[in-house]
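Enquirer: I am attaching a structure below and will ask some questions about it afterwards.
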């Protein structure tokens, strides 16, 4: 199976046409472009990145792929209000290969919570280990149980966990409806 497969993870996430999704730390855009196709024609995806050159690359690739529902957004996912989306404005958030890089995880989790509709869901895909340096340093790895704790302590409810390859875990949680 090898590395995390975005298509497999998104199948578990159960995307629907018309949904609005934020992709935190979009990187190469693998999740962004797959989401854009899944939520078409009326939905949209906001790849959120702090590195402007990454957003420029995503914009070019979305144009090349004729994906008009990709709306790149510069933002800081580690700052309260740093994601320039309104409160309760998205249906789902994707956090893929990002959690291990976040310094202030509680601020990050609250930013996810802030932009999600009540009942909205978050998909977490991250490294399950360092794998002799293939992944992040062992001290930076956020184990699945720790990721789950971060979100449940903020009021999220665990929906399910699943395998996303040999090196990653998948976790879906829902924001409380209150």
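Enquirer: Tally the residues that are without any contact (Cβ under 8 Å) to a residue 60 or more places away in the chain, in a loop (DSSP other than H, G, I, E, B) and surrounded by 15 or more Cβ atoms within 10 Å (Cβ to Cβ), restricting the search to region 88-118.
Expert: Selection size over region 88-118: 1.
Enquirer: Output the number of residues of region 96-123 satisfying the condition of being at pLDDT 95 or above and closer than 20 Å to residue 30 by Cβ.
Expert: The number of residues fulfilling the criteria is 4.
Enquirer: In region 13-33, how many residues are under 14 Å from residue 95 (Cα atoms) and part of a helix (DSSP H, G or I)?
Expert: Step one: filter region 13-33 for residues under 14 Å from residue 95 (Cα atoms), giving 13, 21-32.
When the remaining residues are screened for being part of a helix (DSSP H, G or I), the result is 13, 30-32.
Residues in region 13-33 being under 14 Å from residue 95 (Cα atoms) and part of a helix (DSSP H, G or I): 4 in total.
Enquirer: Next question. Looking at 36, 22, 62, can you tell me which residue is crowded, with 17+ Cβ neighbours inside 10 Å, closer than 22 Å to residue 157 by Cβ and either at pLDDT 95 or above or under 15 Å from the mean Cα position of the chain (by Cα) (or both)? Let's see the steps before the verdict.
Expert: Working: 36 fails: closer than 22 Å to residue 157 by Cβ; 62 fails: closer than 22 Å to residue 157 by Cβ.
Going through 36, 22, 62 in turn, just one is crowded, with 17+ Cβ neighbours inside 10 Å, closer than 22 Å to residue 157 by Cβ and either at pLDDT 95 or above or under 15 Å from the mean Cα position of the chain (by Cα) (or both): 22.
Enquirer: Shifting gears a bit: Of the residues 85, 157, which is within 15 Å of the chain's Cα centre (by Cα) and either assigned to a strand (DSSP E or B) or in contact (Cβ under 8 Å) with a residue 12 or more places away in the chain (or both)?
Expert: Numbers: 157 fails: within 15 Å of the chain's Cα centre (by Cα).
Testing whether each residue is within 15 Å of the chain's Cα centre (by Cα) and either assigned to a strand (DSSP E or B) or in contact (Cβ under 8 Å) with a residue 12 or more places away in the chain (or both) leaves just 85.
The values are calculated or read from the model by the stated rules, or taken from the named source; none is laboratory data. Everything numeric in this text was worked out from a predicted model, so none of it was measured. Note that each Cβ is placed from the backbone with ideal geometry, even for glycine, and that neighbours are counted across all protein chains shown.
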